[in-house]
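Inspection log for the structure reproduced underneath, given as structure tokens.
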Amino acid sequence: MSRYVFELAGERDDLALQKLLSENPMPGEISVAFHRKPSYFYGAGVQGKFHQTLIVRDQRTGDPAGCISRAIKPIFINGKVADIGYLSNLRLKPEFRGGTLIARGCGYLRELHRDGRAAVYLLTIIEDNTGAVNLLTSGRAGLPSCFDLGRYITYAINIYRKKPPIVSGVGVVRGSADLLDEIIDCLHRNGREKQFYPYYSKEDFTLPGDPLRGFKVEDFFVALRNDQVAGVMGKWDQRDFKQTVVVGYSGKMKWVRPLYNLAAGLVGFSPLPLAGSELNSFYGSFIAVDGNDLQVFRALLREVYNDAAGKGYSYFLVGLHAGDSLARACTEYNHLKYTSRLYAAYWKDGEDFCRSLDNRVPYLEIGTL
């Protein structure tokens, strides 16, 4: 009998999955681990209304040796709503790497794929993680093909003192029940202009729990021009169910950190956190701006920043494709930058889907990754 068995995780695996994620950080010059307290499954629904976690169980110990999550959600593709898959939380304990487990796991994943819920799966891989990039794009037997969709940039914007408001020709107010219909219209009309923008209904924002756990309508910041919604952005704090912990620093960051922190105290920036500490942060989510107007986005970004200043946050995270013109606004703040590659993973039945994608700029909702 094989030492390993592939199966879907259940509640009995909750603590083991939490441990697997926390003890296998994402590599890079700033290595981070993702914790899932109080429960791995509690916040899983933000990834998609349908979600599964595949594990490879070591039958000698009974614990997972690795895992990967599969979620399905509706998004805009070429301007129309369709379901797509998303793969995340790929982890494998170091002692099990280098063998055939990943290829075998992909074979099991392909069996799950036969349910026909999605044609392709989006996934992101940190560019510094060259081993994972090389493996998952190798075309080895059993692995899906990967279509490169460019760079996805996460900007960790440093929060300290409030800044002067941006003069933009719009006023920015907080979201409310009275504005929700117009907010949804803004999300939909601008979502159609991006590739992979998530589709949310009004009910998603009014019912408690998944898929928008921890987010309230009042967490929207709404840009108004002549009393009409011209753009929105959300402030999504997920620390109640998803935590990011700094594991350590390597490469140039190991040497830069002491100097950076010394300068931070002088110029009014938050210091880089100690290894082992949680990153007090939130996500800048649901970015939708009419005409991709950079000045309107600047105004929204500034209001979100000022609202968070002085409330115990060190950073907020904004994720944008490298080809998105709105990204320029993020670079105007002191920030750290994490670069990933965005891929569409597919088997033979998803090839036509990938070829059909037009040239709209991709957008991934960072709060659901």
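Restricting the stretch 83-107 to residues that are crowded, with 17+ Cβ neighbours inside 10 Å and β-branched (Val, Ile, Thr), the residue that is nearest to Gly48 (Cα to Cα) is Ile84. Taking the stretch 1-23 as the range and being in a loop (DSSP other than H, G, I, E, B) and surrounded by 18 or more Cβ atoms within 10 Å (Cβ to Cβ) as the test, only Ala9 passes. Filtered by the rule that a residue be of a type in the set (Asp, Glu), part of a helix (DSSP H, G or I) and at pLDDT 90 or above, the stretch 79-123 gives a lone residue, Glu111. Checking each residue in the stretch 24-47 for being farther than 23 Å from Phe96 by Cα, in contact (Cβ under 8 Å) with a residue 60 or more places away in the chain and part of a loop (DSSP other than H, G, I, E, B) picks out Glu29, Lys37, Pro38, Ser39, Tyr42, Gly43.
Being in contact (Cβ under 8 Å) with a residue 40 or more places away in the chain, among the β-branched types (Val, Ile, Thr) and within 19 Å of Pro165 (Cβ to Cβ) is the requirement here; does Val247 meet it? Here the answer is no, as Val247 does not meet what is asked.
Applying the set (1) within 21 Å of Val172 (Cα to Cα); (2) polar (S, T, N, Q); (3) under 20 Å from the mean Cα position of the chain (by Cα) to Gln295 leaves exactly one unmet item: (3). Annotation note: Cβ proximity below 8 Å between a residue of the stretch 204-217 that is within 14 Å of Lys235 (Cβ to Cβ) and modelled with pLDDT of 90 or more and a residue that is exposed (fewer than 15 other Cβ atoms within 10 Å of the Cβ) and of a type in the set (S, T, N, Q) (sequence gap 6+ or interchain) occurs for Val217/Ser176; Val217/Thr206.
Per the conditions (1) touching an Asp or Glu at 6+ places or on another chain (Cβ under 6 Å); (2) buried (at least 21 other Cβ atoms within 10 Å of the Cβ); (3) basic (Lys, Arg), the sole criterion not satisfied by Lys194 is (1).
The values are calculated or read from the model by the stated rules, or taken from the named source; none is laboratory data. Just so it is clear, the model here is predicted, and its values are computed rather than measured. Cβ: placed from backbone, ideal geometry, glycine included. Neighbour counts: every protein chain shown.
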